[in-house]
Amino acid sequence: MSQEQISGSLSQNLLTLLAFDSESLPLLASTLEPGMFESDFYKHICQLSLEFYREFKTAPGDHLPDLLEPKLNQETRESEAYLKILINLFNNKDEVNRDYVLSQLNRFIRQQALKDGIITAHQYVKDGDLENAEEALNRAVSKQIKVFEPGIMVADTSKSLAFLNAATPAYPIGIKQLDDMDLGPARGELLVILAPANRGKTQFCAHIAKVCALNRLKVLVISLEMSEQKYTQRILQALFAISKRQSEVVYTSFNEDEDGKLMGFRLEMVERPTLKDENIGKIITEKLSKFHNKIKILVKRFPTNALTMKGLEAYLDSLERFSNYIPDVLIIDYADLMLIDAANIRVATSNVYKDLRRIAVERNIGVVSPSQANRLAEDARIITLKHLAEDYSKAATADNVIAYCQTSLEYQLGLARLFIAKARDEERDLTILISQAYKMSQFCIRSHLISDRYWSLLDAHSNQNDEDNGTQPPAHTPRRSLRRRSG
């Protein structure tokens, strides 16, 4: 099996699991050999980790520097190389996508075992030794069985009850009601955002990218419409609430009683830096530096109607191989703009969404994609699954569907509603009210579950606003009627 060696980021990720992940070690110890690594340094660390595990039944973890002490104390180029690898392993230990890395190991082991078995068996056949040829093939099959995962036996409560102690499966997206119901991106799931044309899809994506990155997740944004520079601008504005032009930004906030019940609305003003400020580049650089390179959002643009599913997977493979970048969340903005056969658009669109969910499962990542609603959604108060453009089967494929709803009045007041059109494991048909400030790229400032009184409260607020401000939208509201809030 040493004839071909593990290369690129997979070797670093496997070595990280060997050094730190005790749960993975039984599988790794039964399948990995030091000779599979290309680097002599990696071979040595692999050997030390396997020996440590076999003696103590756990990963070396923080003891790894002790194991490498004879090498580290030599003050040679070799010791410098070991120190650099050691630092990289410690920095990488909390970011490895274990399930995906192990799935890649399984594929490699199967391939290598069969290849070695076939080569050996072929030689025996040439020599007329059929018994040893069969034995060589049987050993290859046996090697595959060692990495075969049959699934979870329900009666085996050590595994079947693991969900009781599992962490929240969905990543938070900064909207409390959705986070409480685990309706954010989740590994192995497809989240679809349904909205009319030019209505909140990219802002929602930028918001999800921001919150996930602030939770130390790797986020890959694939843009099929907007340039990388403009998308990066949106994300940076969202991260730091930077206004595009006006330093004074007005938005609608909520009045609540002691029990948290929605009682009405008020306008607030906040002062923010703008993209027109002379020193804005320095301000953003200083803010980003405080995160110590922990904001790991990657934005990549592909031309509209050009990206294929094979092209997407090739790009993901290249990121992993050359940059050791395996995203936790993949945002496709948006999948309807991938290359789709116009002659068979419904079937082709359905296949795109099925493939996106397959990628989520195979790569153990959360996948998010907006989808454009049809024309009937333009004036609809509530957008439902019937408003899905081109193909209703998107809803059947997606794990969760969140519809972005907004009337013209709500748009003027900086309000919108998120309707839970589909939730695989939670209650659906709930609606969440959000307050927005697009002038500083804030998709959600406040959120509240919709009550029966919402529309009457909205009408009352609108009528009062018309009387006070001559029917002008909040951005033109006189300062005397606003509550000023610090930035």
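Taking the criterion of being assigned to a helix (DSSP H, G or I) and closer than 11 Å to T16 by Cα, the residues of region 88-109 that qualify are N88, L89, F90, N91, N92, R98, V101.
Pick out the one residue from S441, S408 that is open to solvent by less than 80 Å² (accessible area, probe 1.4 Å) and either of a type in the set (S, T, N, Q) or at pLDDT 85 or above (or both).
Result: S441 is the single residue among S441, S408 that is open to solvent by less than 80 Å² (accessible area, probe 1.4 Å) and either of a type in the set (S, T, N, Q) or at pLDDT 85 or above (or both).
None of E80, E75 is farther than 20 Å from L32 by Cα, in a helix (DSSP H, G or I) and acidic (D, E) except E80.
Okay, residues lined up against (1) β-branched (V, I, T); (2) in contact with a Phe, Trp or Tyr (Cβ under 9 Å, 6 or more places away or on another chain); (3) at pLDDT below 95; (4) surrounded by fewer than 17 Cβ atoms within 10 Å (Cβ to Cβ):
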{"residue": "E248", "(1), (2), (3), (4)": "no, no, yes, yes"}
{"residue": "D259", "(1), (2), (3), (4)": "no, no, yes, yes"}
{"residue": "N279", "(1), (2), (3), (4)": "no, no, yes, yes"}
{"residue": "I297", "(1), (2), (3), (4)": "yes, no, no, no"}
{"residue": "V329", "(1), (2), (3), (4)": "yes, yes, no, no"}
{"residue": "D333", "(1), (2), (3), (4)": "no, yes, yes, no"}
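Here is the figure for region 308-335: residues that are among the acidic types (D, E) and assigned to a helix (DSSP H, G or I) total 3. Residues that are touching a helix residue (DSSP H, G or I) at 6+ places or on another chain (Cβ under 6 Å) and hydroxyl-bearing (S, T, Y) were ranked within region 299-327; the one that is most open to solvent (accessible area, probe 1.4 Å) is T304. Among residues of region 444-456 being out of contact with any Ser or Thr (no Cβ under 7 Å at 6 or more places or on another chain) and open to solvent by 20 Å² or more (accessible area, probe 1.4 Å), the one that is nearest to Q246 (Cα to Cα) is S447. The set of residues in region 335-360 being more than 14 Å from A396 (Cα to Cα) and open to solvent by less than 80 Å² (accessible area, probe 1.4 Å) consists of A335, D336, L337, M338, I340, N344, I345, A348, I359, A360. Only residues that are in contact (Cβ under 8 Å) with a residue 12 or more places away in the chain, assigned to a helix (DSSP H, G or I) and on the phi < 0 side of the Ramachandran plot were counted across region 37-62, and they come to 12. Contact annotation: residue pairs with Cβ atoms under 9 Å, 6 or more positions apart or on different chains, pairing a residue in region 7-36 that is over 16 Å from G61 (Cβ atoms) and acidic (D, E) with a partner that is assigned to a helix (DSSP H, G or I) and open to solvent by less than 10 Å² (accessible area, probe 1.4 Å), are E33/C46; E33/L50.
For region 200-246, a residue qualifies if it is open to solvent by 50 Å² or more (accessible area, probe 1.4 Å) and within 18 Å of Q436 (Cβ to Cβ), and the qualifying residues are Q233, R234, K244, R245, Q246.
The criterion of being within 18 Å of the chain's Cα centre (by Cα), modelled with pLDDT of 80 or more and either surrounded by fewer than 22 Cβ atoms within 10 Å (Cβ to Cβ) or of a type in the set (G, A, S) (or both) does not hold for D156.
What do you reckon, is P169 buried (at least 22 other Cβ atoms within 10 Å of the Cβ) and in contact with a helix residue (DSSP H, G or I) (Cβ under 9 Å, 6 or more places away or on another chain)? No; evaluated as a whole, the condition is false for this residue.
Here is a yes/no grid of residues against (1) of a type in the set (G, A, S); (2) farther than 30 Å from G188 by Cα; (3) open to solvent by 60 Å² or more (accessible area, probe 1.4 Å):
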| site | (1), (2), (3) |
| --- | --- |
| K43 | no, yes, no |
| Q47 | no, yes, yes |
| A59 | yes, no, no |
| L64 | no, yes, no |
| E80 | no, yes, yes |
| I87 | no, yes, yes |
| V96 | no, no, no |
| V101 | no, no, no |
| N106 | no, no, no |
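The values are calculated or read from the model by the stated rules, or taken from the named source; none is laboratory data. None of these values were measured; they are calculated from a predicted model. Note: ideal-geometry Cβ built from the backbone for every residue, glycine included; neighbour counts use all protein chains shown. All accessible areas refer to the heavy atoms of the entire protein, side chains included, with ligands and DNA or RNA removed. Shrake-Rupley method; radii C 1.70, N 1.55, O 1.52, S 1.80 Å.
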